[in-house]
Structures are given as structure tokens and as C-alpha cells.
Amino acid sequence: MVAAEVKTLANQTSGATAHISQQVTAIQEATKRSVTQIASIARTIGKLTTASTSIAAVVPRMMKSPRANT
């Protein structure tokens, strides 16, 4: 009887370990996708920062332009 119980527990442990392994793999894959998307967002923010800095530099010159006062 004890041997059968040990075998049952071993099978349950094996199944649980496989399930946990699949979950860990899924989490790792989701993390990799998240990191890729965050990097893409950071690049976009960098581009927006560059563009807004350029615009901010041009606006004062445009305001001094004679056409800006008409």
C-alpha cells in the first residue's frame, strides 16, 4: 500500500513540476515581449523629446519673425 501511495505522489509531483515549468516558460516569454515593447516605447519617447526640443528652439525665432507680428 505504501509503495502505491509513494508512486501516486511521485506522479502528482511530476505533473505539478511540469505544469510549473510551463508557467515559468510562459512568464519568461511574456517578460521578453514586455521588455521589447518597453524598449520600443522608450525609443518613441526619445523621438518625441527630440522633436519637441526642436520645436521649442524654433518657436522663439518664429515669434521674432516679422511675419509673426502680422
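The values are calculated or read from the model by the stated rules, or taken from the named source; none is laboratory data. Just so it is clear, the structure is predicted and the values come from calculations on it, not from any experiment. Accessible surface is based on the protein model in full, side chains and every heavy atom, while ligands, DNA and RNA are left aside. Shrake-Rupley method; radii C 1.70, N 1.55, O 1.52, S 1.80 Å.
Note that segment 7-22 has calculated 3J(HN,Hα) couplings of 5, 4, 5, 5, 5, 5, 4, 4, x, 5, 4, 5, 5, 4, 4, 5 Hz, one per residue in order, obtained from phi through the Karplus relation 6.51 cos²θ - 1.76 cosθ + 1.60 (θ = phi - 60°); glycine and proline are x. Of the heavy-atom accessible surface of the chain (probe 1.4 angstrom), what whole percent is carbon and sulfur? Its accessible area is 67 percent carbon and sulfur atoms. Computed 3J(HN,Hα) for segment 51-62, one whole-Hz value per residue from the Karplus formula 6.51 cos²θ - 1.76 cosθ + 1.60 where θ = phi - 60°, is 5, 5, 5, 5, 5, 4, 6, 7, 4, x, 5, 5, glycine and proline marked x. Given their separation in residues at 0.36 nm each and the Cα-Cα distance between them, Arg43 and Val59 gain 3.3 nm when the chain is fully extended. Our estimate of slack between Gln23 and Thr36, defined as 0.36 nm per intervening residue step minus the Cα-Cα distance, is 2.7 nm. Rolling a 1.4 angstrom probe over the protein heavy atoms with all chains in place gives the chain an accessible area of 89 Å² per residue.
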